[in-house]
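The values are calculated or read from the model by the stated rules, or taken from the named source; none is laboratory data. Every value quoted in this text rests on a predicted model; they were computed, and no experiment measured them. Backbone-built Cβ (ideal geometry, glycine too); neighbour counts: all protein chains shown. Surface areas here come from the heavy atoms of the whole protein model, side chains and all, with no ligands, DNA or RNA. Shrake-Rupley method; radii C 1.70, N 1.55, O 1.52, S 1.80 Å.
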Amino acid sequence: MKRTKYYLTLVFIWTSIISIAQAQDVRIDLGPDEIGLNETFSIKITISDEKIKSYDQFPEIPGFQKQGISQSSSMNVINGQMSSTNSIVQYYKPLKKGQFSLPNFTLQVNGNEVSSPGKTITVTEAKQSQQRPGSRDPFDDFFRRDEPQEQEFIELDDEAFFAMTVDKNEIYVGEGFNVSLAFFMAQSNQAPFDFYEPGKQLEEIVKKIKPTNAWEENFNITNIQPERVTIDGKVWTRFKVYESTFYPFNEGEIELPRVAWEMIKYKVAKNPTFFGNNRQQDFKTFYANGKTIKVKPLPPHPLKNEVSVGVYRLRENFDSKKVETGEGVTYDFGISGEGNINAIKPPKKMDIQKLNTFDPNERQQINRGRGKVSGIKQYEYYITVNEPGEVALKDHFEWIYFNTDKETYDTLRPSAVLNVVGESKINQSISSTSLGGIYDLIELEDNKLLNQRYKYYFSTFINILLVGAVILLIVMIMKKR
């Protein structure tokens, strides 16, 4: 009994493997080697006993133009066994006569790779269309049609548009403005659309609109997701394809040009059938109008070319802290808000001789979402104080920036206070610090005293000898004459 169950299990597994193998039977059929200038070439994908759920873009053929895609399916029942096939056909229109090469290519169909060796296609003069005798649609008799009829496709009116949106038309130098590109489709739209090579199109668009004199914070949209929005009381579905915030370095005007976006728009069958292809692939190009951004200079200020621009606030890790003289304490000067977080510089240090500090550790976090760039940049200082007393850090640190909300310069100062207790360690600090310079040479120099008066008398004597020699030379010259 156990052996019988074992054999039945093997038969079941083997049957399943055969069924899976048959279900994954995918093939590529190429059109004829020779066509007329008025005919079309085709590449056909056929899969057995499975629907075509996904497939790659068909290859480009030099000298040909893609004309559209059709789909078909068939079902057969033979001896009680049902089988089906599903096909996708890409049509190509020749642009001129000659010989053209379709190189070998590979397509992914339902996650499986299928290869084709390619071929050479010869395009000749236009041929007269002739009806081959005996050629009939196998379904004509089934549906009692005497003559085959070519399916007619129509284009539906669409309620869709492509738009470029900016959040500001006028900004200051260093202030950010957000740019987004999106395809909008009305909720009541009936025309079927699909995206056509969005990555390739977007790469070309970004080259055109990206300013050369600005820092970019890209929102990195990797998946095009539908969002429901309301515009003037009407509900639309928005497909955002690109979003970035730019921070210009110079004043003037930034011109964002008009850009195009191509979508696949399907034509639908005028008389839909159960087995036939009921839609035909076509293309439609939408255009988004360009934008102009005016960039104003910052108001006069000694630091106008150095300050950050945005809306910021200060974050500290303590308000008040008790510390012993000579002991270290960590203080975080955090700058958070909206703006170019990457461009934030450390705060200015003042009257720092009362504090012992080291170069700070830096940390930053940038958030991009809802059309804004925000974040925090944190400077972590290690501080020691050698004299007891109350130390207000506002007297030692400050950060100046231009506030775009107030349209004026603003300063962030700490509110933290150090309460330093204990004995003075200032003398220990001096003794442990290398004085450098002249003090480093004490051990190396000779300790003999020099009398500066002897040096003065020697210099005077040398000068008198030189003057006497000049006078003697003049006397001897005059005697000779």
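Yes/no per residue for (1) more than 22 Å from residue 264 (Cα to Cα); (2) at pLDDT below 85; (3) outside any strand (DSSP E or B); (4) open to solvent by 80 Å² or more (accessible area, probe 1.4 Å):
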{"site": "16", "(1), (2), (3), (4)": "yes, yes, yes, no"}
{"site": "19", "(1), (2), (3), (4)": "yes, yes, yes, no"}
{"site": "43", "(1), (2), (3), (4)": "no, no, no, no"}
{"site": "47", "(1), (2), (3), (4)": "yes, no, no, no"}
{"site": "51", "(1), (2), (3), (4)": "no, yes, yes, yes"}
{"site": "60", "(1), (2), (3), (4)": "no, no, yes, yes"}
{"site": "70", "(1), (2), (3), (4)": "no, yes, no, no"}
{"site": "83", "(1), (2), (3), (4)": "yes, yes, no, no"}
{"site": "92", "(1), (2), (3), (4)": "no, no, no, no"}
**OP:** Please find, within region 199-218, the residue that is farthest from residue 244 (Cα to Cα) out of those that are without any contact (Cβ under 8 Å) to a residue 24 or more places away in the chain and assigned to a helix (DSSP H, G or I).
**Re:** 200
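Can you find even one residue in region 377-386 that is over 20 Å from residue 315 (Cβ atoms) and either open to solvent by 60 Å² or more (accessible area, probe 1.4 Å) or part of a strand (DSSP E or B) (or both)?
yes
Looking at residue 362, is it farther than 25 Å from residue 218 by Cα, part of a strand (DSSP E or B) and without any contact (Cβ under 8 Å) to a residue 60 or more places away in the chain?
Answer is no for this residue.
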Subject >> Flag if residue 165 is under 30 Å from residue 305 (Cβ atoms), part of a strand (DSSP E or B) and not small (Gly, Ala, Ser) >> reply: no
Original post:
Of all residues in region 284-308, which are within 20 Å of residue 191 (Cα to Cα), open to solvent by 60 Å² or more (accessible area, probe 1.4 Å) and of a type outside the set (Ser, Thr, Tyr)?
Top reply: 284
**OP:** Select from region 248-278 the residues that are open to solvent by 90 Å² or more (accessible area, probe 1.4 Å) and either touching a residue at least 40 places away in the same chain (Cβ under 8 Å) or out of contact with any Phe, Trp or Tyr (no Cβ under 9 Å at 6 or more places or on another chain) (or both) and list them in ascending order.
**Re:** 249, 251, 253, 255, 270, 271, 272, 274
Original post:
Inside region 318-359, can you point out the residues that are open to solvent by 20 Å² or more (accessible area, probe 1.4 Å), farther than 18 Å from residue 413 by Cα, hydrophobic (A, V, I, L, M, F, W, C) and in a helix (DSSP H, G or I)?
Top reply: 343
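Of a type in the set (S, T, N, Q), out of contact with any Gly (no Cβ under 8 Å at 6 or more places or on another chain) and in contact (Cβ under 8 Å) with a residue 24 or more places away in the chain: which single residue out of 357, 384 fits that description? Steps first, please.
On the way: 384 fails: out of contact with any Gly (no Cβ under 8 Å at 6 or more places or on another chain).
Exactly one of 357, 384 is of a type in the set (S, T, N, Q), out of contact with any Gly (no Cβ under 8 Å at 6 or more places or on another chain) and in contact (Cβ under 8 Å) with a residue 24 or more places away in the chain, namely 357.
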Original post:
Pairs, please: C-beta under 7 Å, at least 6 apart or cross-chain, first residue more than 16 Å from residue 181 (Cβ to Cβ) and open to solvent by 60 Å² or more (accessible area, probe 1.4 Å) and in region 219-235, second at pLDDT 90 or above and not in a loop (DSSP other than H, G, I, E, B)?
Top reply: 228/235; 228/237; 234/186
**OP:** Give the number of residues within region 365-376 that are within 21 Å of residue 316 (Cβ to Cβ) and either in contact (Cβ under 8 Å) with a residue 40 or more places away in the chain or open to solvent by 30 Å² or more (accessible area, probe 1.4 Å) (or both).
**Re:** 5
